[in-house]
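The structure under discussion appears below in the form of C-alpha cells.
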Amino acid sequence: MSKNAFLISIKPQFAEMIFSRKKTVELRRVPPKVEKGDMGLVYVSSPVKELQGCFEVAGIVSGSPTALWEQLGKKSGITRRALFTYFRGKAVAHAIVIQRVWKLPAPVRLSSLREQQTGFRPPQNFHYLKGKILPGYADMRKAA
C-alpha cells in the first residue's frame, strides 16, 4: 500500500468532510509529488491543531480550473464559485484524489507533536515525511 508519506494541513471543515467521505478530493494550488498508494497524514489546522488521521492517495488530477470543476467539482466539498476563487490566477489546478481514510484512535495535539519531535511545525501546505516519524504514524500504518 503506502510507499511514501506526507503531512498535509487541512482546514477543520474540510477535514471533517474527508473523514465522513463527503469530500473525496483535496484541491491544491501546488500539488505534492505523490502517487497512487502514498499516505497523506491529516493535520487539522487552527483552531483544532491536531493530527487526526490519514488517507491513501488514489492519484493526482491536474487541469484547468474549468476542467477540474467539470471532472471533480461535486467531490471537492466546495461550490463552483469557491473553486474559481481559490484557483484565481492559476492556469493549472490540482486535486489529490482520496481513496481510503482512517482516523487515529485518539488525535495527537500540536503540543504533543512538539514535545515528541523537537522543532515540529505544522506545514502551511504540506511536507514530506521521509525519515520522520510522528506520534500516531505507526497506528496509521497498521490501519492501512
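For the reader, a short list of remarks on this structure follows.
- In order through the range 67-83: 3J(HN,Hα) via Karplus (6.51 cos²θ - 1.76 cosθ + 1.60), integer Hz, x for Gly, Pro: 5, 5, 4, 5, 7, 10, x, 5, 9, 8, x, 9, 7, 4, 4, 5, 5
- Cα-Cα over 22 Å, subset of 33/90; 33/74; 23/103; 36/90: 33/74; 36/90
- Amide H contacts for residue 23 (H built 1.01 Å from N in the peptide plane; partners 5 or more residues away or on another chain; cut-off under 5 Å): 18.
- Those trypsin sites (Lys or Arg not before Pro) in the range 67-105 that DSSP places in a loop and that have at most 14 other beta carbons within 10 Å: 88, 90
- Evaluated at q = 0.09, 0.19, 0.20 Å⁻¹, a Debye calculation over the C-alpha positions of the chain (equal weights, vacuum) places log10 I(q)/I(0) at -0.26, -1.12, -1.23.
- Rounded to the nearest 20 debye, the dipole size of the range 5-143 about its Cα centre is 260 debye, using +1 on the Cβ of Lys and Arg and -1 on the Cβ of Asp and Glu.
- Cross-link reach list, aspartates and glutamates versus residue 3, counting only Cα pairs under 13 Å and skipping chain neighbours closer than eight places: 35, 38, 56
- Restricting the range 24-55 to GluC sites (Glu not before Pro) that sit in a DSSP loop and have at most 16 other Cβ atoms within 10 Å of their own Cβ leaves 35.
- Under the shape rule built on the C-alpha gyration tensor, where the axes satisfy a ≥ b ≥ c, the range 31-71 is oblate, since a/c reaches at least 1.5 while a/b does not exceed b/c.
- Neighbour cut-off at most 13 other Cβ (10 Å), DSSP loop, trypsin sites (Lys or Arg not before Pro), the range 1-65: 3, 21, 22, 29, 33, 36
Quick note: the coordinates plus some simple rules give every number you see, no bench work behind them. Since the structure is predicted, the reported quantities are computational estimates derived from the model, not experimental observations. Here the Cβ is made from the backbone with ideal geometry for all residues, glycine too, and neighbour counts use every protein chain on show.
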